[in-house]
Every structure is written in structure tokens, then in C-alpha cells.
Amino acid sequence: GNRMGQAECIKVQGIVDRERGQLERAGDELYKGMAAFQALENDLGVAECELELALVHQRQGDTARARRGLEDSIRLFQQVGAAGDVKRGQALLAEMAA
């Protein structure tokens, strides 16, 4: 099997669950996705999961945890040179602070 594809599918399932309001399941899927990307040493995938997980925490009302997750994802995005994702994370962080 394609482990990268599987990790990507797990991440997307977590996003879909979050959008459907299934926040606990979304969190579980995104943590699984993050672990899968970590095993593949894919920092971009880890950062994407971290950002999506932060949005789950935000919806659950855990703003402090959401903010930490966004900050972590922004750092990882910077390390891998994903400028667009850095901007997205910073915009979400700014929205949270407003």
C-alpha cells in the first residue's frame, strides 16, 4: 500500500468529520494522520494535520490549545518553506486573537 496516500486519506477524513460537526472523531483521525506523517518523516503533512487539529480545538472551545497548535504548525510550515501555509496559519491565529 501507499503509506503517503493512506496518511493523506486519514487527514482528509478528519477534515470531513470536523466539517460535519463530529469533533471527537475528527480529532482522533487527525492525530492518527499526524502519527502516520511523522512515521514517514513528512513535516508538511504533520503541519497540515496540526493546523486542522487546531481548528477542531477551536470549535471545541479550547482556544489556548488551538492557538498552540497553530503556532506549532506555522513553525513547521516555515521549516519546510510552505509560505502559503504560513500565511494561512498566521491569518487563522490573527482571527483567533480578534
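The values are calculated or read from the model by the stated rules, or taken from the named source; none is laboratory data. Keep in mind the model is a prediction, meaning the values are calculated, not measured. In this analysis, Cβ positions are derived from the backbone assuming ideal geometry, glycine residues included, and neighbour counts consider all displayed protein chains. All accessible areas refer to the heavy atoms of the entire protein, side chains included, with ligands and DNA or RNA removed. Shrake-Rupley method; radii C 1.70, N 1.55, O 1.52, S 1.80 Å.
Odds and ends about this structure:
- Long hydrophobic helices in the chain, taken as whole DSSP H segments with a C-alpha length of 18 Å or more on their own axis and mean Kyte-Doolittle hydropathy at least 0.0: 43-59, 83-97.
- Carbon/sulfur fraction of accessible area - segment 1-90, other protein chains in place, 1.4 Å, %: 45 percent
- Chain lengthening between E41 and V12 when straightened (0.36 nm per residue, less Cα-Cα): 8.6 nm
- Gain upon complete extension [Q90, A64; 0.36 nm per residue less C-alpha separation]: 7.8 nm
- In this simple spin-label approximation, Q79 and A98 carry label points 7 Å from Cα along the Cα→Cβ vector, and these lie 3.0 nm apart.
- Identified option (computed Rg/Rh (Cα atoms, Kirkwood Rh); candidates (i) 0.93; (ii) 1.06; (iii) 0.96): (iii)
- Among K11, K32, K87: highest mean-square fluctuation, GNM of the chain, C-alpha pairs under 10 Å: K87
- Dipole check for the chain: with +1 at the C-beta of Lys and Arg, -1 at the C-beta of Asp and Glu, and the Cα centre as origin, the magnitude is about 120 Debye.
- GNM top mover of G61, G14, G69 - the chain, alpha-carbon springs below 10 Å: G61
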